[in-house]
């Protein structure tokens with residue numbers, strides 16, 4: 001496969017923050033209401049107005065869900081001929097993106113929906129993030145696999161570069177300037193606003209790296225996989241692409257950093273005892289880690305999105321129930 005001439009960031013040595021003692025939880029956790037009949041409900045993103053989005057699963061499928069700032073729940077419509085949907089992200093204008101079946105969709109603040117146009121030759125599409133200009137990060141799929149896409153409008157998709165010709169690419173996040181982050185093959189990457197790709201640096205023992213979140217300063221977060229952390233060790237990349245490995249809880253083995261706000265506060269999840277039990281966590285801009293806790297009686301949680309004021313959404317999990325939650329500072 002031929003290299004496409006991407007501008008590659010210089011690979012800097014990883015700065016590893018030692019495993020830190022977790023700070024006491026300072027956020028209040030609140031259960032969000034689930035739609036009637038839902039038993040698996042996830043809150044996945046929150047905007048600066050405090051509106052959250054996610055999905056609720058019933059016996060007959062999953063449905064995109066929105067929570068107002070005062071925690072009122074609304075189920076969003078699916079596209080025609082589809083029975084499943086989920087909402088992945090929301091911008092400050094209240095515009096939401098996600099999926100209905102295997103079709104990327106945008107919901108306006110009034111709940112009306114528009115299917116995102118796919119490039120010719122692709123039969124599936126996925127929308128992962130939206131900025132305040134209405135530009136959307138996601139991917140499309142054909143028989144050769146997934147390709148990262150930036151939608152400049154709902155009807156204007158542009159396929160993004162890969163590091164090597166034919167590589168599978170995914171775009172996970174987009175910021176206000178139109179820059180994106182994601183993955184090309186097994187490598188975390190950044191695309192600038194014009195779609196030029198560059199590698200994000202990783203340590204030498206990494207087998208896979210993924211960038212999942214991006215703030216308006218250009219700082220990215222995600223995870224790297226190593227023999228010691230086969231599921232993932234959380235990572236932060238600065239605006240030059242240099243990596244810092246973030247600490248885990250206790251003797252935790254695996255962790256992901258999922259989202260980052262403009263203050264540099266990061267949220268995600270971490271195991272704490274070397275097993276698979278996961279807890280929602282917050283990393284401060286200085287890298288300090290805080291266990292956000294769970295709802296009473298639950299064993300697991302994950303923090304999925306954070307807004308500019310530091311409000312966090314995610315979910316709390318028991319054996320047979322997943323409940324959406326909001327953590328407030």
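The values are calculated or read from the model by the stated rules, or taken from the named source; none is laboratory data. Because the structure is a prediction, the values reported are computed rather than measured. Note that each Cβ is placed from the backbone with ideal geometry, even for glycine, and that neighbours are counted across all protein chains shown.
Exactly one of these conditions fails for residue 94: (1) at positive phi; (2) touching a residue at least 24 places away in the same chain (Cβ under 8 Å); (3) over 19 Å from the mean Cα position of the chain (by Cα). Give me its number. Evaluating residue 94 over (1) at positive phi; (2) touching a residue at least 24 places away in the same chain (Cβ under 8 Å); (3) over 19 Å from the mean Cα position of the chain (by Cα) leaves (3) as the failure.
The residue list 111, 101 contains one member that is surrounded by fewer than 24 Cβ atoms within 10 Å (Cβ to Cβ) and modelled with pLDDT under 95, which is 111.
Which of the residues belonging to the range 289-329 are modelled with pLDDT under 95 and under 26 Å from residue 263 (Cβ atoms)? Matches in the range 289-329: 329 only. If the condition is being within 20 Å of the chain's Cα centre (by Cα) and either free of Cβ contacts under 8 Å to residues at least 12 places away in the same chain or surrounded by fewer than 16 Cβ atoms within 10 Å (Cβ to Cβ) (or both), then the range 283-309 contributes 284, 285, 308, 309.
Taking the range 92-109 as the range and being part of a loop (DSSP other than H, G, I, E, B) and more than 24 Å from residue 309 (Cα to Cα) as the test, the residues that pass are 101, 102.
Of all the residues in the range 36-55, those that are in contact with a strand residue (DSSP E or B) (Cβ under 7 Å, 6 or more places away or on another chain) and in contact (Cβ under 8 Å) with a residue 60 or more places away in the chain number 11.
For the range 249-261, the condition holds for at least one residue, the condition being that it is more than 14 Å from the chain's Cα centre (by Cα) and crowded, with 23+ Cβ neighbours inside 10 Å. Please verify whether residue 253 is modelled with pLDDT of 95 or more and in contact with a strand residue (DSSP E or B) (Cβ under 6 Å, 6 or more places away or on another chain), treating the condition exactly as stated. Here the answer is no, as residue 253 does not meet what is asked. From the list 132, 144, the one residue that fits, being surrounded by fewer than 16 Cβ atoms within 10 Å (Cβ to Cβ), closer than 24 Å to residue 266 by Cβ and out of contact with any strand residue (DSSP E or B) (no Cβ under 9 Å at 6 or more places or on another chain), is 132.
So for the range 301-318 (the condition being more than 23 Å from residue 71 (Cα to Cα), touching a strand residue (DSSP E or B) at 6+ places or on another chain (Cβ under 7 Å) and in a loop (DSSP other than H, G, I, E, B)), does at least one residue qualify? No: the range 301-318 contains no residue that is more than 23 Å from residue 71 (Cα to Cα), touching a strand residue (DSSP E or B) at 6+ places or on another chain (Cβ under 7 Å) and in a loop (DSSP other than H, G, I, E, B). Tell me which strands (runs of 3 or more DSSP E) are completely within the range 206-282 and hold 1 or more residues being without any contact (Cβ under 8 Å) to a residue 40 or more places away in the chain, or say none if there are none. Where strands (runs of 3 or more DSSP E) fall fully within the range 206-282 and carry at least 1 residues being without any contact (Cβ under 8 Å) to a residue 40 or more places away in the chain, they are 208-214, 220-225, 233-237, 255-260, 266-271. Of the listed requirements (1) modelled with pLDDT of 95 or more; (2) surrounded by 14 or more Cβ atoms within 10 Å (Cβ to Cβ); (3) part of a loop (DSSP other than H, G, I, E, B), residue 20 misses just one: (1). Taken together, the residues in the range 104-128 that are free of Cβ contacts under 8 Å to residues at least 24 places away in the same chain, touching a strand residue (DSSP E or B) at 6+ places or on another chain (Cβ under 7 Å) and on the phi < 0 side of the Ramachandran plot amount to 2. For the range 129-205, the strands (runs of 3 or more DSSP E) that sit wholly inside it and include 1 or more residues that are free of Cβ contacts under 8 Å to residues at least 40 places away in the same chain are 136-142, 145-153, 156-159, 169-174, 180-184, 187-191.
Is it fair to say residue 78 is crowded, with 20+ Cβ neighbours inside 10 Å, in contact with a strand residue (DSSP E or B) (Cβ under 6 Å, 6 or more places away or on another chain) and outside any strand (DSSP E or B)? Yes; evaluated as a whole, the condition is true for this residue.
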